[in-house]
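Below is one structure, written out as structure tokens, with a few remarks after it.
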Amino acid sequence: MKLLFVGTNPENTGAASHFVALVQAMAEAGHEVSAVIYPDGLIWQGLAQSRVRLYKAKFRNVLDLRGYAAVFKAARELKPDWLIGNFGKEYWPLILAGRLLRVPVALFRHRTPAMKAVSAYLIPRLAQRFFAVSRHARQAYLDRGIPGHLVRVLYNPVNLELCRFDPQQRREILRSLGLDEDAIVLGYTGRMHTGKGIFPLFDAATAAMAEQPRLHCIWLGDGPDAQTLRERAAVTATSDRHHFLGWIHDVHPYYSAFSMLAFPSIATETFGRVSVEAQAAGVPVLGSNIGGIPETLDAGATGLLLPPGDVAAWRDAILKLCDPVLRKSMGAAAQDYVQQHFSTQVIAEEFQRSLIED
């Protein structure tokens with residue numbers, strides 16, 4: 001198939017990561033792919049070295065003629081079978097462009113908050129395909145009145161090579177932090193704010209450190225509550241075992257350094273890409289039993305699902321995964337699980353089937 005993706009959002013978001021991964025997955029599967037994207041943003045950087053033909057554009061709003069011009073130019077050259085969009089501000093422009101070009105449109109929705117009433121009613125009905133990125137998100141849309149037959153689920157694809165465990169990277173990262181190779185590392189990566197559950201996780205990790213002297217925590221990310229978390233850590237007896245590295249553009253090497261990943265959100269998550277990426281590296285996951293997080297792991301086999309914000313339960317789970325035998329078995333199961341459910345090949349095949357079926 002010939003596929004024209006349009007994603008002119010400049011922000012560094014999960015939707016942007018999904019866009020890059022899906023474009024690459026479809027190109028690797030042998031489809032002819034072009035993309036209209038924001039110049040020099042995360043998506044551009046992610047696709048710059050790929051086989052995908054890129055067109056620079058910005059859609060400020062539905063009336064931005066420069067955005068349409070770029071889409072029409074790309075469409076004239078590619079003659080696409082589908083237009084594919086990932087960001088809310090481009091839903092209406094793509095639906096209009098699809099009508100003018102007589103090309104069907106597939107749209108992804110990554111968030112669960114309601115769209116404006118008119119858009120919420122019309123967009124899933126006017127697009128030829130409307131995708132949620134989890135069953136949790138799909139149910140949220142159905143609860144607001146979108147007919148079930150209009151909403152399909154397609155998970156985020158994950159590049160297994162990008163996430164592959166690298167023992168050399170593990171040694172280098174641990175050495176840079178002054179840690180021995182037998183250190184047990186609890187990893188967190190993401191935004192630093194209350195809804196992400198960072199404070200209950202900190203309390204649970206600190207309590208676990210009192211019982212396990214080899215346990216350390218690596219914190220990757222930044223946000224409005226990062227400084228408060230650092231200040232809390234600074235006054236504990238285990239302050240030297242909490243390692244705050246700030247915002248890291250490419251977190252993939254750090255999965256090799258993690259013994260386990262924590263995904264402790266107390267606010268609803270639509271999905272949970274970092275959970276899948278960590279498992280691809282053979283890292284078991286401790287995840288909150290909320291929103292779309294349960295769909296990212298096989299509870300009891302590749303990780304554990306825990307009550308959001310329950311410090312005692314999280315402390316006990318962290319200590320449980322300090323057992324190297326359990327970590328090894330869960331890590332091996334995690335890699336197989338991701339290969340079967342989230343690999344680029346699997347998701348590309350599912351996406352293709354969704355586009356060609358009646």
Apart from one, (1) within 20 Å of P253 (Cβ to Cβ); (2) more than 24 Å from the chain's Cα centre (by Cα); (3) of a type in the set (S, T, N, Q) all hold for S119; the odd one out is (1)
Exclusive hit being over 16 Å from the mean Cα position of the chain (by Cα) and polar (S, T, N, Q), set S329, S288: S329
Residue that is most open to solvent (accessible area, probe 1.4 Å), among those in the range 126-139 that are of a type outside the set (V, I, T) and part of a loop (DSSP other than H, G, I, E, B): Q128
Name every residue in the range 281-320 that is of a type in the set (A, V, I, L, M, F, W, C), in a helix (DSSP H, G or I) and open to solvent by 10 Å² or more (accessible area, probe 1.4 Å), in order of residue number. V311, A312, A313, L319
Residues of the range 170-199 classified as within 13 Å of Y254 (Cβ to Cβ) and at pLDDT below 95, total: 1
Considering the range 47-92, residues that are over 19 Å from H110 (Cα atoms), of a type in the set (G, A, S) and out of contact with any strand residue (DSSP E or B) (no Cβ under 7 Å at 6 or more places or on another chain), and then whichever is modelled with the highest pLDDT, we arrive at A69
Scan the range 30-47 for residues that are over 23 Å from F72 (Cβ atoms), within 21 Å of the chain's Cα centre (by Cα) and of a type in the set (G, A, S) and report the count. 1
Spans of helices (runs of 4 or more DSSP H) in the range 143-222 with at least 3 residues touching a helix residue (DSSP H, G or I) at 6+ places or on another chain (Cβ under 8 Å): 160-163, 198-209
What pairs come up if the first residue lies in the range 321-343 and is under 13 Å from S275 (Cα atoms), the second is among the hydrophobic types (A, V, I, L, M, F, W, C) and open to solvent by 70 Å² or more (accessible area, probe 1.4 Å), and their beta carbons are under 9 Å apart, counting only those six or more places apart or on different chains? G331/F165; Q335/F165
Before we move on, is A204 in contact with a Leu (Cβ under 8 Å, 6 or more places away or on another chain), more than 30 Å from L355 (Cα to Cα) and open to solvent by less than 60 Å² (accessible area, probe 1.4 Å)? no
Return only the number of the condition from (1) outside any loop (DSSP other than H, G, I, E, B); (2) touching a helix residue (DSSP H, G or I) at 6+ places or on another chain (Cβ under 9 Å); (3) farther than 18 Å from T194 by Cα; (4) not charged (D, E, K, R) that S329 does not satisfy. (2)
Report whether or not S275 is at negative phi, open to solvent by 10 Å² or more (accessible area, probe 1.4 Å), of a type in the set (S, T, Y) and touching a residue at least 12 places away in the same chain (Cβ under 8 Å). no
Among the residues of the range 7-24, write down those that are β-branched (V, I, T) and open to solvent by 10 Å² or more (accessible area, probe 1.4 Å). T13, V20
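Can you tell me which of L177, L186, L142 is surrounded by fewer than 20 Cβ atoms within 10 Å (Cβ to Cβ) and under 25 Å from the mean Cα position of the chain (by Cα)?
L142
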Could you pull out every one of the strands (runs of 3 or more DSSP E) wholly within the range 25-125 that has 3 or more residues that are surrounded by 18 or more Cβ atoms within 10 Å (Cβ to Cβ)? 32-37, 82-85, 105-109
Determine whether L42 is farther than 24 Å from R353 by Cβ, among the hydrophobic types (A, V, I, L, M, F, W, C), out of contact with any Leu (no Cβ under 8 Å at 6 or more places or on another chain) and free of Cβ contacts under 8 Å to residues at least 40 places away in the same chain. yes
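The values are calculated or read from the model by the stated rules, or taken from the named source; none is laboratory data. Just so it is clear, the model here is predicted, and its values are computed rather than measured. Virtual Cβ from ideal backbone geometry, glycine too; neighbours counted across all protein chains shown. Please note that ligands, DNA and RNA were not included when accessible areas were found on the heavy atoms of the full protein model with its side chains. Shrake-Rupley method; radii C 1.70, N 1.55, O 1.52, S 1.80 Å.
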